[in-house]
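Data first, discussion second: the structure below is written as structure tokens.
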Amino acid sequence: MSVNPAVLPLEDDAREVLQGLSSSPKKLPPRLFYDQAGSALFEQITELPEYYLTATEQAIFERHAGSMVQAAGAASTIIELGAGTARKTMLVLRAALAQHRSVTFIPVDVSSFALDVAQQRVTTELPQVTVHPLVMDYTRKSSTFSRIPGRKLVLYIGSSIGNFEPMAASALLRHLRSSLAPGDSLLLGIDMQKPVDILLRAYDDSAGVTAHFNLNILSRINREFDADFDLAAFQHCVRWNHHDSRIEMHLKSRTHQRVHIEALDLAVNFNPGETIHTENSYKFTSAMLNALASNAGLTIEQTWRDERSWFSVTLLRV
Ligand code: AVJ
């Protein structure tokens with residue numbers, strides 16, 4: 001069974017699921033991970049001993065948030081892309097309050113639930129900060145930012161940019177730059193290359209939380225698209241792609257099977273061992289970061305790292 005995507009008025013998620021599962025190799029967009037269950041699982045991932053990213057970046061902010069805010073100059077409006085629950089952001093906001101008379105925080109996320117959590121946290125812990133949440137998919141449009149007054153500092157941390165292929169990542173940053181003014185800046189958190197065994201463990205933890213997170217994308221499709229994926233028939237699978245310098249997550253079919261997705265009028269066949277590619281997590285070198293910045297038309301101002309250089313936070317200037 002096949003459907004011509006052009007003739008049906010499908011919403012974005014539906015169209016991407018349809019196209020992704022009809023292509024070869026099969027794939028799904030990683031943003032589908034983040035339904036309520038998936039967001040909670042991701043929070044759990046950030047607390048796993050193997051998932052060094054969050055703790056490492058947090059330590060960089062603990063040590064350098066003051067210098068970061070200082071290097072961003074007069075920026076007292078702080079915009080955070082994919083704000084999530086804004087834990088690391090608190091450190092930046094505190095540093096900004098120490099340097100500016102008034103600070104405005106604009107968390108941007110597709111999930112209004114995440115924005116509520118971020119707003120709650122900031123208004124409770126830092127009542128001096130003015131919070132204006134913005135429900136928006138920043139990967140599609142950031143033109144709204146040009147209407148926000150004042151010097152801006154945009155936070156794009158947590159290695160979120162790592163989900164995008166190099167061309168898409170620079171397009172996203174170029175687009176972001178076009179909605180900012182000269183003198184505005186971007187604080188970008190990226191995960192660096194490191195020994196492969198450490199990378200693999202971070203995405204295949206011993207408690208199985210990441211496996212659960214990966215498989216949850218199938219539960220979501222079952223629920224939202226009336227599909228019949230049998231989660232037990234798929235296996236969480238992590239690979240290091242050396243050529244592209246990225247960790248890949250896949251879901252591998254254990255058997256020969258056929259899955260029905262009623263809402264898309266689609267049947268999908270799987271061979272044993274066939275996979276659905278669900279995520280890329282790019283791991284950077286300084287050369288890759290330089291290329292990303294120059295392709296986006298941004299200037300690297302300063303980079304802060306942890307002692308092991310496992311993670312880095314870079315200030316880029318428009
Ligand atoms: C939220 C995209 C930064 O790639 O490390 C964690 C998501 N996937 N474990 C990452 C994720 C599996 C995470 N990012």
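The values are calculated or read from the model by the stated rules, or taken from the named source; none is laboratory data. This one's a predicted model, so the numbers in the text were calculated from it and none came from an experiment. Here the Cβ positions follow ideal geometry from the backbone for every residue, glycine too, while neighbour counts run over all protein chains shown. Only protein heavy atoms, including side chains, enter the accessible area calculation; ligands, DNA and RNA are left aside. Shrake-Rupley method; radii C 1.70, N 1.55, O 1.52, S 1.80 Å.
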Length added when fully stretched, A267-Q99, from 0.36 nm per residue minus Cα-Cα
54.7 nm
Taking Rh as the Kirkwood radius, which is the inverse of the mean 1/r over Cα pairs, what is the Rg/Rh value for region 51-141?
0.96
For K283, counting only aspartates and glutamates whose alpha-carbon sits under 19 Å away and dropping same-chain residues fewer than eight positions off, the answer is E50, E57, E165, D191, D197, D204, D205, D244, E248, D306, E307
Of the heavy-atom accessible surface of the chain (probe 1.4 angstrom), what whole percent is carbon and sulfur?
51
Using label points projected 7 Å from each Cα along Cα→Cβ, tell me how many nm separate D230 and H243, to one decimal.
3.4
Full-stretch length increase - E62, L126 - with 0.36 nm per residue and alpha-carbon distance subtracted:
21.4 nm
Taking the Cα centre of each part, how many Å lie between region 289-318 and region 227-249?
29
Here the relative contact order (percent) of the chain, from C-alpha pairs under 8 Å and at least 6 apart, is 22
At A207 and Q44, where each label point lies 7 Å from the Cα along Cα→Cβ, what is the point-to-point distance in nanometres?
0.8
Subtracting the Cα-Cα distance from 0.36 nm times the residue separation, let me have the gained length for S146 to E307 in nm, one decimal.
54.3 nm
Roll a 1.4 Å probe over the protein chains and send me the accessible area per residue for the chain in Å².
45
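Under 8 Å for C-alpha pairs, at least 6 residues apart: give me the relative contact order for region 199-249, rounded to a whole percent. Walk me through the numbers before you get to the answer.
Working: 43 pairs, mean separation 19.0, N = 51.
About 37 percent, as a whole number.
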Among the trypsin sites (Lys or Arg not before Pro) in region 47-108, which ones are in a DSSP loop with at most 13 other Cβ atoms within 10 Å of the Cβ? Mind listing them?
R101
So for the chain, Kirkwood radius off the Cα pairs, Stokes-Einstein at 10 °C and 1.306 mPa s: how many µm² s⁻¹?
77
Under unit Cβ charges (Lys, Arg +1; Asp, Glu -1), what dipole magnitude, rounded to 20 debye, does the chain have relative to its Cα centre?
1040
Which order do the peptides 230-239, 181-190 come out in when sorted by mean C-beta neighbours inside 10 angstrom, highest first?
181-190, 230-239
Cα-derived Rg over Rh, computed across region 160-219 with Rh taken as Kirkwood radius
1.12
Specify the angular offset, from 0 to 90 degrees and rounded to the nearest 10, of the alpha carbon long axis of helix 12-22 from the longest principal axis of the alpha carbons in the chain.
50
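I need the Kirkwood Rh of region 180-292: take the reciprocal of the average 1/r across all distinct C-alpha pairs and report it in angstrom.
Working: mean 1/r = 0.0612 Å⁻¹.
Hydrodynamic radius (Kirkwood, Cα pairs) of region 180-292 is 16.3 Å.
Among the listed pairs K88/K252; K27/K252; K194/K252, which have their C-alpha atoms separated by more than 23 angstrom in this model? Kindly include the intermediate steps, with their values, before the conclusion.
On the way: K88/K252 34 Å; K27/K252 11 Å; K194/K252 26 Å.
Violating the 23 Å limit, Cα to Cα: K88/K252; K194/K252.
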